[in-house]
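The values are calculated or read from the model by the stated rules, or taken from the named source; none is laboratory data. Everything numeric here is computed off the predicted structure, so don't read it as measured data. Cβ: placed from backbone, ideal geometry, glycine included. Neighbour counts: every protein chain shown. With ligands, DNA and RNA removed, areas are computed over all heavy atoms of the protein, side chains included. Shrake-Rupley method; radii C 1.70, N 1.55, O 1.52, S 1.80 Å.
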Amino acid sequence: MDVSGGRGQPRPGNDESAEHTGPEAPAPGGTGDAPTAPSAPTPADAKDARPEGPTPDAGAPAPESGTPQDTGAAPDHGAPDHAAPAHGRDRVPEHPEPPADRPARAPAGRPEHPNHPFAHSGSGKGQAPQRPEERRRGGLLMGRPFGVPVYVAPSWFLVAILITWVFGGQIDRVLPELGAASYLVSLFFAVAFYASVLVHELAHTLAALRFKLPVRRIQLQFFGGVSEIEKEAETPGREFVLAFVGPLLSLVLAGLFYLGLLAVDPSSVPGVLLAGLMVSNLIVAAFNLLPGLPLDGGRMLRAVVWAITGKPMTGTVAAAWVGRALAVCVLIGLPLLTQSGALGSDAVDNVGMDTVLDALLAAILAAIIWTGAGNSLRMARLREHLPELRARTLTRRAVPVESDTPLSEALRRANAAGARALVVVDADGVPVSLVREAAIVGVPEHRRPWVPAGTLAQDITDGMRVSAELAGEELLDALRATPATEYLVVEETGEIYGVLSAADVERAFVKAMARPS
């Protein structure tokens, strides 16, 4: 089969044997899995990632369905764990496996359909797979310290009202002379408390920036905050430091508030505020040091297991299951401790509103911890399989055609060559545009002899040229930077390797998430 050369001419030497799948893709920088980077997929694995299409009539392609992720008085859910793709639901696409009798000269890992080679995704949306985090709104932008945007989620206002109501009642009992002003003081406390949560998150952020890890944003939300760090640390030592600095800063803040409390009257408004901030930061630090994901202590445990075993995935699994055990303990133990008076309040014999609220709070905290632990496992599995997404493996064979070539003739050439994509070239053989699959599907077969292929093509922009060597997170980043339905894949020498469909990448992405570790 012929593959286009750098100037649109057939290049006979491009095809590789099935045993050579191109250079191995290193583990993406976000995994931090340097000691045990996942190896490139074997030919059998590569088959699982190949785009699979229906069996259209020769010259009359049918559409292929394109299917196309801390703090507060609660868990630090996801502080350094929010990374790439996103990402979030495991879906198992139902596509038939490609035939085993592919032509011998097919480039390794490239999808081929010998009998009906030209298939179409028909998606037409042109969107590369997106991380779940990228689909969410950040909320109200408050600023960009150190170049990192800080957002306040709408749920924060709900918890601010709750803190104002609860803490305001306590202030009214301690300082009854304040009257209604006690709730104004309580509102100030809510803002100051979340300012300390922001300091906790900035500690994570500064550590990440120090280790050259990009931070997408900081978000203050219902139960604290989250620092969305796009990549993971490369070593367990850095992972440990990255997780520990948050609780450490909370402890430092608690100490500073304690020193301030020594200088004022404890029964005054400043004294009550400083005491409340000291206790709340101690709770934040202690809770986040619990050894289970998604808490900071869980990430520290992960780093320790990673350092001992040399396997980051083992550390993630251990810390995630400890996190789930913690969720169960919180769900059952917190209401029991409250009822027994072990947390400093009087024991309660009857079931009242306070008991219901305690149970509700415990259920919310347990759900957050359990969900965060599960998300950590899914993200680890994604990072483990991400290197399997390789442009060279997923690229479709393409044939060059002139702009005025009838569509029927272009499809005949593609099917004869076992290709599944069309590249429009100029008179000198330079690729100028890609024929869109969705547009081909919309042309009835009887009209194809009179429709020039160039009228269905999309001009090739700089962002639509991707290297055949891209893999994993680098490939996804390149596709997200320039959304399109198809991309021209080129060798390092500039020669055409083929056409990459965004729908093919998306299907491989979903399969990678669905495949067990």
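One table, with the values for the structure above:
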item	result
Within region 254-303, tally of residues that are touching a Ser or Thr at 6+ places or on another chain (Cβ under 7 Å) and either in a loop (DSSP other than H, G, I, E, B) or open to solvent by 30 Å² or more (accessible area, probe 1.4 Å) (or both)	2
Qualifying helices (runs of 4 or more DSSP H) (wholly inside region 430-517; at least 2 residues being charged (D, E, K, R))	472-481, 502-514
Residues located in region 171-207, provided they are under 17 Å from residue 279 (Cβ atoms) and out of contact with any helix residue (DSSP H, G or I) (no Cβ under 8 Å at 6 or more places or on another chain)	173, 195
Selection count where residues are open to solvent by 30 Å² or more (accessible area, probe 1.4 Å) and outside any helix (DSSP H, G or I), scope region 401-422	4
Selection count, region 315-339, where residues are open to solvent by 60 Å² or more (accessible area, probe 1.4 Å) and under 19 Å from residue 379 (Cα atoms)	1
Those residues of region 489-513 which are under 22 Å from the mean Cα position of the chain (by Cα) and of a type in the set (Ser, Thr, Tyr), in sequence order	501
Criterion: in contact with a Lys or Arg (Cβ under 9 Å, 6 or more places away or on another chain) and buried (at least 17 other Cβ atoms within 10 Å of the Cβ) - qualifying residue of 150, 185, 197	150
Residues (modelled with pLDDT of 90 or more and touching a helix residue (DSSP H, G or I) at 6+ places or on another chain (Cβ under 9 Å)) located in region 211-225	211, 213, 214, 215, 216, 217, 218, 219, 220
